[in-house]
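I have placed the structure first, in the form of structure tokens, so that the comments after it can refer back to it.
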Amino acid sequence: MGPFMRSDNKTDKMMHTLIIALIPIVLFSEYKNGIIPYMENKTDIIGLCYPLIVVILGMLTTYLTELIVTKITKQKSYYSYIPGLFIALVLPLNTPIEIFLLACVLGIIVGKMLYGGFGNNIFNPALIGCLFVLTAYSSIITSNGGYLNSYEVDAISHATPLSNISSTIGSYDTLVKPYGNLWNFFLGFIPGAPGETCSLLCLIGLIYLVKKEVIKVKIPLTYISTVFILTLIIGLMNGLGIWYPCFQVLSGGLLFGSIFMATDPVTSPVTGFGQILYGLCLGILTVTFRYLTPYPEGVLTSILIMNMLVFILDKIGVRNSNYNKKKIISLLVIFISMIGIIFAINNSFKKNNDENFNIISKTTKNNVTTYIATQKSFRGPIKAEIKIKKNKVISYEVLESSDEYINKVINMNYLDDLMVDPNVDTISGATRSSTALKQLIINVMKDSGIYEE
């Protein structure tokens, strides 16, 4: 039963307990994404009920899909409604309904029934459906509103907090302040997937499930601790305080994923030591994905990757004559991996860091990312606004500058030339000024991930 404790509890009782733990999260999603926008006159009666409609529709779709498959294959159906519930809580709220239904169908067929049904599947079915949809239809989901509810589109006008992490480590003003403070993160009033934003309810769910002896705490505790420690070290190496690892833990789907998804009874390790290794590896992979890839979340992919390695972790965790030797070697490999990841991430920041460059703000609305940034030039800092849409610079405007040569450069349409080719030659007679403007747009494009040297 994986991390589920071997006791007199029957699987039915465990699954019912899991549903009870998820009910407050579902109700909070309805309040945040349905009631608040409706009270602010940002949606209609359908929008008011939409979060609950999606949950019910997801559960019904996975139930009917599995029912049809079992009729054809003569297999038995178990807990077929649960993957639909998880898909509804993990996918962005604005996922088009036909794409959402596709995720539910694929999650059941490819992630569960293809392996022989409940108890035989290698991967978490809900995450299989979500991964396919987020990979194949990400641009459609983003253009449809992504993770922002109808109130957040006007009130916040930012993407999810983790989307602001790229080639620069960020600051409190750029990572946390646009959404209020860390209490907003803890209570769940930030953009994100319907079930993943409220850290408080996730932790209450953890306590409830552990007390009811439904899950063991080793996987979520090790997973969360690993992310916290790694990001704490990275933050300290870059002059950031304790708020930084707290931001990392409270952002995205880390808490929800570690508590409700990584502890799936079928797809996680059985042995105690295997569970610890599982959590450590999940934490390392998540931090790696967040910093060193274009995909800032990392939880979903990390869990699916580790699902493939569960049998190896359980073999390591079996107590035999070689147990202590395997234990020491495993921990040593993980420790070395953690050190390597820390230095790789820190070197990545240093490689892309220009001490003369500073991002004042970075906001995303309607698929357009707007940078307000400064670049130090010979005559003082240049402040500019640069807009990027679909991996292309669409606007470049100088807002402030004490450099008397800037107007000359602007009048020569140099900014237009930089938008087409950031490596265009500098202007004779205004070399330092044009160089600063050139470096400014290059640094912004590096941060957005669209510039290659």
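Here are a few things to note about the model shown:
- Tensor-based shape of region 299-338 (alpha-carbon gyration tensor, a/c under 1.5 rounded, otherwise prolate or oblate): oblate
- Cα centroid separation - region 242-260 against region 109-155, whole Å: 20
- 222 nm mean residue ellipticity, helices alone, for the chain (DSSP H n ≥ 4; -39,500 (n - 2.57); rounded to 500): -17000 deg cm²/dmol
- Full-extension gain in nm, Glu40 to Ala136, via 0.36 nm per residue minus C-alpha separation: 31.2 nm
- Shape of region 240-282, Cα gyration tensor, a/c cut at 1.5: oblate
- A dipole drawn for the chain from +1 and -1 charges on Cβ atoms has a positive end, and of Val368, Tyr405, Val26 the residue lying farthest that way is Val26.
- Local net charge near Val26, Cβ-Cβ under 14 Å (Lys/Arg +1, Asp/Glu -1): -1
- Separation of the Asp425 and Lys389 label points, Cα + 7 Å toward Cβ, nm: 3.3
- Spatially, region 200-237 and region 66-104 are offset by 27 Å when compared through their Cα centroids.
- Using every pair of distinct Cα positions in region 1-133, the Kirkwood expression returns a hydrodynamic radius of 15.7 angstrom.
- Calculated log₁₀ intensity ratio I(q)/I(0) where the Debye formula runs over C-alpha points of region 245-396, q = 0.12, 0.15, 0.21 Å⁻¹: -0.69, -0.91, -1.34
- Sequence-separation-based contact order of the chain, relative, with Cα cut under 8 Å and 6+ spacing, percent: 14
- Computed with a 1.4 Å probe over protein heavy atoms only, the accessible surface of the chain comes to 46 Å² per residue.
- Sparse-neighbour loop sites [trypsin sites (Lys or Arg not before Pro); region 323-419; at most 13 other C-beta within 10 Å; DSSP]: Lys390
- Net charge of Cβ neighbours under 9 Å - reference Pro194; Lys, Arg +1; Asp, Glu -1: -1
- Ellipsoid fit via the Cα gyration tensor, region 105-258: semi-axes of 28, 22, 15 Å, each the root of five times an eigenvalue, largest first.
- Zone residues, region 225-241, relative to Lys376, backbone N less than 19 Å from point 7 Å out along Cα-to-Cβ: 238-239
- Region 310-344-region 407-430 distance, computed between alpha-carbon centres (Å): 54
- If you wrap the Cα atoms of the chain in a convex hull and average its projected area over all directions, you get 23.7 nm².
- Cβ-placed point charges (K, R +1; D, E -1), dipole of region 296-453 about Cα centre in debye, nearest 20: 960
- Dipole magnitude of region 198-348, debye to nearest 20 (Cβ charges: Lys/Arg +1, Asp/Glu -1, about Cα centre): 480
- Chain lengthening between Ile204 and Asn366 when straightened (0.36 nm per residue, less Cα-Cα): 54.9 nm
- Within the accessible surface of the chain, defined with a 1.4 Å probe on protein heavy atoms only, the carbon and sulfur portion equals 61 percent.
- Relative to the Cα centre, the charge distribution of the chain, modelled as +1 at Lys and Arg Cβ and -1 at Asp and Glu Cβ, gives a dipole magnitude of about 1640 debye.
- For the chain, the residue among Gly111, Ser428, Tyr278 whose Cα projects farthest onto the positive side of the dipole built from Cβ charges is Tyr278.
- Projecting the Cα atoms of Asn322, Tyr396, Ser150 onto the charge dipole of the chain (Cβ charges, centred on the Cα centre) puts Asn322 farthest toward the positive pole.
The values are calculated or read from the model by the stated rules, or taken from the named source; none is laboratory data. Remember, predicted model here, so these are calculated numbers, not experimental data. Don't worry about glycine lacking a Cβ; one is built from the backbone with ideal geometry, like all the others, and counts go over all protein chains shown. To get the accessible areas, we keep the full protein, side chains included, count just its heavy atoms, and leave off ligands, DNA and RNA. Shrake-Rupley method; radii C 1.70, N 1.55, O 1.52, S 1.80 Å.
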